[in-house]
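Novice: The structure is given below, and queries will be raised subsequently.
The values are calculated or read from the model by the stated rules, or taken from the named source; none is laboratory data. Keep in mind the model is a prediction, meaning the values are calculated, not measured. Because the Cβ atoms are built from the backbone with ideal geometry, glycine has one as well, and the counts that use them run over all protein chains shown. Only protein heavy atoms, including side chains, enter the accessible area calculation; ligands, DNA and RNA are left aside. Shrake-Rupley method; radii C 1.70, N 1.55, O 1.52, S 1.80 Å.
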Amino acid sequence: MPVPLNPETVRLYLETDQAPAPHLDFLNAASFRTAGAAQRLGVFDALADGPLPLAELAARLEVSERGLEQLLRALAGFGYVTTGPDGWANTTKADKWLRDVPGGYGVVFRFWHTVLTELWSDLEQSVRTGEPAVDFYQWLGQRPPVLRAFQTMLSRLAHALTPEVLEAVPVSPEHRRLLDIGGGHATYTTAFCRQYPELSATVVDLPEAVEIGKAAVGEAGLTDRVTFHVGD
């Protein structure tokens, strides 16, 4: 969440030379890292039903009270939690956006937090060589939870774009086969097959992505019309 600064402070940083504007990047990076740590530890989910005293929250999370208190104070400064007579509680923004609930933004935040803290650790070397430090899809394949988050994010984007894609891609009566390359989550495939009953389809993607697509096709009741081919 953007660091909560008053407009005059923001103006000082962004519109004058009296304060270093890059310092805002540091503060936002610290906010991002702090929120990501809290999400991984389960802080926001543990506070979903209301405030908890520090000791009880630490016991639930199986973490140090001292360490948790420092994290909570940082989260409070960044606007993610508050504290009161009954203990620590989520703010509205944290409760809505950072909990791990179906359909929530939490899975997207978790994915990008992992990418920026793990995959971008060698960014300078990549710039020096002009080559990626690791193969992105191989990296995903070694981290099934991250891969699921990635496919979930792509699938949600595809759901949002599907009406436009269906309108933009005409399907004539003589068309019978659809080839979906790199369509692991199978969102577009299932949409086309639902709209055009005469179509059958083949989805090509990496092994781990294909497994996610198979589950989606099964839920859509299209296993008799959609096949999957593992490929790179």
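Novice: Quick one: would you say residue 19 is part of a helix (DSSP H, G or I) and small (Gly, Ala, Ser)? Break it down stepwise before answering.
Specialist: Values: part of a helix (DSSP H, G or I): no; small (Gly, Ala, Ser): yes.
Spelling it out, it is not the case that residue 19 is part of a helix (DSSP H, G or I) and small (Gly, Ala, Ser).
Novice: Looking at segment 179-232 only, could you name the residues that are part of a strand (DSSP E or B) and polar (S, T, N, Q)?
Specialist: 200, 202, 227
Novice: Here's something else I'd like to know. Of the residues 60, 99, which single one is open to solvent by 30 Å² or more (accessible area, probe 1.4 Å), in a helix (DSSP H, G or I) and in contact with a strand residue (DSSP E or B) (Cβ under 9 Å, 6 or more places away or on another chain)? Step through it out loud before you land on a result.
Specialist: Details: 99 fails: in a helix (DSSP H, G or I).
One residue alone meets the criteria, 60.
Novice: Further, regarding this structure: Any idea which of 157, 123, 179 is within 30 Å of residue 34 (Cβ to Cβ), open to solvent by 70 Å² or more (accessible area, probe 1.4 Å), in contact with a Ser or Thr (Cβ under 9 Å, 6 or more places away or on another chain) and aliphatic (A, V, I, L, M)? Let's see the steps before the verdict.
Specialist: On the way: 123 fails: in contact with a Ser or Thr (Cβ under 9 Å, 6 or more places away or on another chain); 179 fails: within 30 Å of residue 34 (Cβ to Cβ).
That would be 157, the only listed residue that is within 30 Å of residue 34 (Cβ to Cβ), open to solvent by 70 Å² or more (accessible area, probe 1.4 Å), in contact with a Ser or Thr (Cβ under 9 Å, 6 or more places away or on another chain) and aliphatic (A, V, I, L, M).
Novice: Provide a single number: the residues in segment 18-57 that are over 20 Å from the mean Cα position of the chain (by Cα) and closer than 23 Å to residue 101 by Cβ.
Specialist: The initial filter retains those residues of segment 18-57 that are over 20 Å from the mean Cα position of the chain (by Cα), namely 18-27, 47, 49-57.
Of the ones still in play, those that are also closer than 23 Å to residue 101 by Cβ are 47, 49-52, 56-57.
So the answer is 7.
Novice: Write out, first by first residue and then by second, each pair whose Cβ atoms fall under 7 Å of each other, whose residues are 6+ apart or on separate chains, and whose first residue, in segment 47-74, is without any contact (Cβ under 8 Å) to a residue 40 or more places away in the chain while the second is part of a loop (DSSP other than H, G, I, E, B) and open to solvent by less than 40 Å² (accessible area, probe 1.4 Å).
Specialist: Pairs that qualify, where the first residue is without any contact (Cβ under 8 Å) to a residue 40 or more places away in the chain and the partner is part of a loop (DSSP other than H, G, I, E, B) and open to solvent by less than 40 Å² (accessible area, probe 1.4 Å), are 61/42.
Novice: Then there's this: Check 140, 166 and return the single one that is closer than 28 Å to residue 193 by Cα, surrounded by 12 or more Cβ atoms within 10 Å (Cβ to Cβ) and not polar (S, T, N, Q). Don't jump to the end; show me each part of the working.
Specialist: Numbers: 140 fails: closer than 28 Å to residue 193 by Cα.
The match here is 166.
Novice: It is to be established whether one or more residues within segment 105-126 are under 21 Å from residue 184 (Cβ atoms), touching a His at 6+ places or on another chain (Cβ under 8 Å) and among the hydrophobic types (A, V, I, L, M, F, W, C).
Specialist: No; the residues of segment 105-126 include none that is under 21 Å from residue 184 (Cβ atoms), touching a His at 6+ places or on another chain (Cβ under 8 Å) and among the hydrophobic types (A, V, I, L, M, F, W, C).
Novice: Is there any pair linking a residue in segment 105-119 that is under 16 Å from residue 45 (Cα atoms) to one that is of a type in the set (S, T, N, Q) and open to solvent by 40 Å² or more (accessible area, probe 1.4 Å), with Cβ under 9 Å and at least six apart or on different chains, and which?
Specialist: The qualifying pairs are 107/152; 108/152.
Novice: List pairs: first in segment 147-160 and touching a residue at least 24 places away in the same chain (Cβ under 8 Å), second among the small types (Gly, Ala, Ser), Cβ under 7 Å, 6+ apart or cross-chain?
Specialist: 147/141; 151/184; 151/209
Novice: For residue 146, only one of the following conditions fails: (1) open to solvent by less than 40 Å² (accessible area, probe 1.4 Å); (2) within 15 Å of residue 205 (Cα to Cα); (3) not small (Gly, Ala, Ser). What is its number?
Specialist: Only one criterion in (1) open to solvent by less than 40 Å² (accessible area, probe 1.4 Å); (2) within 15 Å of residue 205 (Cα to Cα); (3) not small (Gly, Ala, Ser) is unmet by residue 146, namely (2).
Novice: How do the pairs read when you match residues in segment 19-34 that are surrounded by 12 or more Cβ atoms within 10 Å (Cβ to Cβ) with residues anywhere that are in a helix (DSSP H, G or I) and among the aromatic types (Phe, Trp, Tyr), using Cβ under 6 Å and keeping only pairs 6 or more apart or on different chains?
Specialist: Taking only residues 6 or more apart or on different chains, the pairs are 19/13; 21/13; 24/13.
Novice: Right, next: Considering only segment 65-72, I want to know if a residue exists there that is modelled with pLDDT of 95 or more and under 20 Å from residue 116 (Cβ atoms). I'd like the intermediate steps shown before the answer.
Specialist: From segment 65-72, those modelled with pLDDT of 95 or more are 65-72; that's our starting set.
Now drop any that are not under 20 Å from residue 116 (Cβ atoms), which leaves 71.
Yes.
Novice: Another question about this same structure. Of everything in segment 77-96 that's free of Cβ contacts under 8 Å to residues at least 12 places away in the same chain and not in a strand (DSSP E or B), which residue is surrounded by the fewest Cβ atoms within 10 Å (Cβ to Cβ)?
Specialist: Result: 85.
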